[in-house]
Amino acid sequence: MAFFFEVLIGGLLSGVMYSLVALGFVLIYKASGVFNFAQGAMVYFAALTFAGIIDMGVPIPLAFLGAFVVMIALGVATERIVLRPLVNQPQITLFMATIGLTFFVEGLAQIAWGASTRRIDLGIQDEPIPWILDNMNMVVSSFDLTAAAIAGVLVAVLAAFFQYTKIGRALRAVADDHQAALSIGIPLQHIWGIIWSVAGFVALVAGMLWGARNGAQFALTFVALKALPVLILGGFTSVLGAIVGGLIIGSTEKLAEVFIGPMVGGGIENWFPYVLALFFLLVRPEGLFGEKHIDRV
Amino acid sequence: MFYRETGQFKTSYGADQQIFPIRQDRIAIGLLLVFAFFVVPAVATQYWFSAILIPFLIFSLAALGLNILTGYAGQLSLGSAAFMAVGAFGAYNFILRVPEIPAILAFLMGGVCAAGVGILFGLPSLRIKGFYLAVATLAAQFFVVWALTKFGWFSNYSSSGVISSQDFSVFGFAIDSPVRKYLLTLSIVAIMGLLAKNMARSNTGRSWMAVRDMDVAAEVIGIPLMKTKLLAFAVSSFYCGVAGALVAYCYLGTVEPDYFTLDLSFRILFMVIIGGVGTILGSFFGAAFIVLLPIFLNIVLHPLFAILGIEISSAVVSNMELMVFGGLIIFFLAVEPHGLARLWQIGKEKLRIWPFPH
Amino acid sequence: MSERKIGEVILDLQNISLRFGGVKALTDISFDVREHEVRAIIGPNGAGKSSMLNVINGVYHPQEGTIIFRGEKRHEMEANAAAKAGFARTFQNIALFKGMSVLDNLMTGRNLKIKTNFIQQALWWGPARKEELEQRRKVEEVIDFLEIEHIRKTPVGRLPYGLQKRVELGRALAAEPQILLLDEPMAGMNVEEKQDMCRFILDVNDQFGTTIVLIEHDMGVVMDISDRVVVLDYGKKIGDGTPDEVRNNEEVIKAYLGTQH
């Protein structure tokens, strides 16, 4: 039983990472209706940039700041070059455009920083927490716990940002109705620029934590793809959904891998979340926290 | 001046519904086929066959398949490569396990297997649309590659799932040289291209487009949504499956499940977008573009940077390729969403009235 | 017009109620449609007219009520089954297939008449080809009838609004329906276009004996062309009868016509 909980907790903690990436998707989707497939590539780009700057001998806080500036530049450029010419196109067109963006950002990242894996050392210990090991006989990594805490703080900060600041209110207005927001004088494109920057920031945090765990490497983009089933579970428009969905995906895929995997030869982590999401879609297409959509004729 | 349709009157609906209603077009396509079947085999080099012509034809077929699903029926798929994989491994197993099976039949059966898998993963399309569906097809992508790698039976228990194509012959001709492989591929692609065009211009294609453009209205005029969507999945996957079988038997010879990655699926999607969503011709343009672009970049970039005095590695070139792909996709979606096929059409319109501007 | 024979009741709606969550769109509505007649549904915005049409051909499924069509009793229609039974319709916000030409749009209207399967069509061989040409001939008749020969090959997305409405009517007619449901066929048209549309509707009714159920806001048009009118308000039926009867119905005047007459 202890083993079961150990796997569960490990899964939940890695699920926090999925939540983080999914959060980036939700922010952009809410504000601009764009399903940003490139969020994974942005995580990769952010992680490589962060690691690259550290490797130049810059201290971690400064490197973080530097990478954040780069992500803002990337976000604003994306809004200008990719989204503005595509305004009012069908969602599916925008989606395909972000697939193009994915390729572009991946190529750019590897040209700028090289394709090899870079290590990120944040100075956080990755060891079992002794207290839990002694009292409950479970291995829970201190790193995972710290990462989860950081993610939790980030979500709280974002929630407060949306709820209590003027920009946050404008963002929610834009999310509700573009035209109505425009008509009361909210500068739409300005807002989009901000939201892409915030998504860049979230990508940076995710990339930093993930990179510290497994190294900043190309595989990050695949891990980031797992945010898609997370969104299907949680609903595309719900921040809370992104978090809960991430936890569900993280824990079930680990449990499935450990308990079902051996029966079929292992490696089912790669597709299990998608198939889970698929079955979920059939039952509840709008997600756990999404809004139900009625077709009007 | 030579491209005029003056004096060509249609006296029957049959004449009006031809694939190429303009006489000059019919002559041109005839010449093109003669050229492809008789002139090319005589003059092309080994390199041309195996690095350019055969992959171009095969990817045209795969793009055609995806175009049927995405361009005509409006169902976005990110799993084309998985359906190709099913076709390749299906054909391999039919030749391996069914004695005396004709190779062509095995290829087609590979396509049928892919169609079956396509229907299975197309089932969610009855409830979900757009990028939700894209996630469903991602499930196909990852699941299929995993299953082909994990279960040794599919690859006859070879190491890491690699299959090597058996020797085969068609109508008594051993398909053992690049020329013969090219001719076989060309024949299959030409026939399947024609069949696709016929479907597109008949009730099947119209039903697909109706579902794509407005599904509620389609249902109201009596088009069965479920059947129409699943048929699109089946036909599309069949085309991808046959393309996959050709990858194994006419292009690479040995192939492993990991060849059919998500990246390949994306490339096929790019062919469709750049070539022209919802056109048969566009699939060929798109495939040519995506096959030729890396070769072109390789030839151009090295000397270009050499002039600037910078040595660039092939890794940089392949990353630039990624950036160019990505940039072009965005460019085409923003500027010419109907792709190269639309540009071609505009060019033809201009030619019809040339030298006058209107 | 007077030779037109109005027949038996072919469509009978009994006690239809439709809710979306807590919102009552239709409450306990009953009325019938006779063969060959022009039946209008009128009412202020939000009265539930479009919902009514959607119930008739199965786009919406009512929670309560019975639909009897040609003696066949059912709780609800299915959109596909309705098409097979001979219903065709147009939509308030044009629902044409935007990426297709006028000709292809009309051809989709005939999809139920096509019997060959996709393999025969892929081979474009024998029966498939013959069938395709046969359908084309029928569609050309509709094109003739609606006077849209010149835009046959134009993508519908490029047509002006009035013509799109006409093409949508054409797609419905191509199916050779027994009952034609028209949702505001004249909305947003100028006088000339309205006159054309009226002529087409009456001609269809006259020449092919098609039963017509239509929603329209232009009272002049409604009173002119319909045989009987049903009036809805807030999802309830408040009047039913000939144009004259409805015009003089106290409740209708109060709710709707009031100041206009």
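Summed over segment C:86-112, residues that are in a helix (DSSP H, G or I) and touching a residue at least 24 places away in the same chain (Cβ under 8 Å) total 7. For segment B:310-335, which positions are outside any helix (DSSP H, G or I) and either touching a His at 6+ places or on another chain (Cβ under 8 Å) or buried (at least 16 other Cβ atoms within 10 Å of the Cβ) (or both)? The answer is B:Ile312, and nothing else. Taking segment A:100-121 as the range and being surrounded by 22 or more Cβ atoms within 10 Å (Cβ to Cβ) and in a helix (DSSP H, G or I) as the test, the residues that pass are A:Gly100, A:Leu101, A:Thr102, A:Phe103, A:Phe104, A:Val105, A:Glu106, A:Gly107, A:Ala109, A:Gln110.
Looking only at segment C:184-219, residues that are in a strand (DSSP E or B) and closer than 12 Å to C:Ala40 by Cβ come to 4 in all. Quick check on segment C:78-96. Is at least one of its residues assigned by TED's automatic domain parsing to the domain that holds C:Thr210, farther than 30 Å from C:Ile148 by Cβ and in contact with a Leu (Cβ under 7 Å, 6 or more places away or on another chain)? Checked segment C:78-96: no residue is assigned by TED's automatic domain parsing to the domain that holds C:Thr210, farther than 30 Å from C:Ile148 by Cβ and in contact with a Leu (Cβ under 7 Å, 6 or more places away or on another chain). Among the residues making up segment C:113-137, those that are touching a helix residue (DSSP H, G or I) at 6+ places or on another chain (Cβ under 6 Å), facing chain B (nearest Cβ under 7 Å) and crowded, with 18+ Cβ neighbours inside 10 Å are C:Ile114, C:Phe118, C:Gln121, C:Ala122, C:Trp124, C:Ala128, C:Arg136. For residues that are more than 20 Å from B:Ile128 (Cβ to Cβ) and buried (at least 22 other Cβ atoms within 10 Å of the Cβ), tally how many sit in segment A:227-246. Counting residues in segment A:227-246 that are more than 20 Å from B:Ile128 (Cβ to Cβ) and buried (at least 22 other Cβ atoms within 10 Å of the Cβ) gives 2. When we screen B:Gly339, B:Gly327 for residues that are under 20 Å from the mean Cα position of the chain (by Cα), at pLDDT 85 or above and not hydrophobic (A, V, I, L, M, F, W, C), the only hit is B:Gly339.
For segment B:320-354, filtering for residues that are touching a residue at least 60 places away in the same chain (Cβ under 8 Å) and away from chain A (no Cβ under 14 Å) leaves 8.
Scanning segment C:1-50 for residues that are outside any strand (DSSP E or B), within 30 Å of C:Gln207 (Cβ to Cβ) and not charged (D, E, K, R) yields a total of 7. Do the conditions hold for A:Glu127, that is, is it touching a helix residue (DSSP H, G or I) at 6+ places or on another chain (Cβ under 8 Å) and closer than 21 Å to A:Gly24 by Cβ? Spelling it out, it is not the case that A:Glu127 is touching a helix residue (DSSP H, G or I) at 6+ places or on another chain (Cβ under 8 Å) and closer than 21 Å to A:Gly24 by Cβ. Among the residues of segment B:1-20, those that are more than 10 Å from every other protein chain (Cβ to nearest Cβ), touching a residue at least 24 places away in the same chain (Cβ under 8 Å) and either among the hydroxyl-bearing types (Ser, Thr, Tyr) or surrounded by 14 or more Cβ atoms within 10 Å (Cβ to Cβ) (or both) comprise B:Tyr3, B:Arg4. Residues of segment A:268-277 that are under 20 Å from the mean Cα position of the chain (by Cα) and of a type in the set (A, V, I, L, M, F, W, C): A:Trp271, A:Phe272, A:Val275, A:Leu276, A:Ala277. Can you pull out the residues in segment C:41-52 that are at negative phi and surrounded by fewer than 24 Cβ atoms within 10 Å (Cβ to Cβ)? C:Pro44, C:Asn45, C:Ser50, C:Ser51, listed by residue number. The condition of being modelled with pLDDT of 85 or more and either assigned to a helix (DSSP H, G or I) or in contact with a Lys or Arg (Cβ under 8 Å, 6 or more places away or on another chain) (or both) holds for only one of A:Ala206, A:Ala224, that being A:Ala206. Scanning segment B:124-138 for residues that are assigned to a helix (DSSP H, G or I), out of contact with any Gly (no Cβ under 8 Å at 6 or more places or on another chain) and facing another protein chain (nearest Cβ under 8 Å) turns up B:Pro124, B:Gly130, B:Phe131, B:Tyr132, B:Ala134, B:Val135, B:Ala136.
The values are calculated or read from the model by the stated rules, or taken from the named source; none is laboratory data. Note that this is a predicted model, so its numbers are computed, not measured. We place every Cβ from the backbone using ideal geometry, glycine too, and count neighbours over all the protein chains shown.
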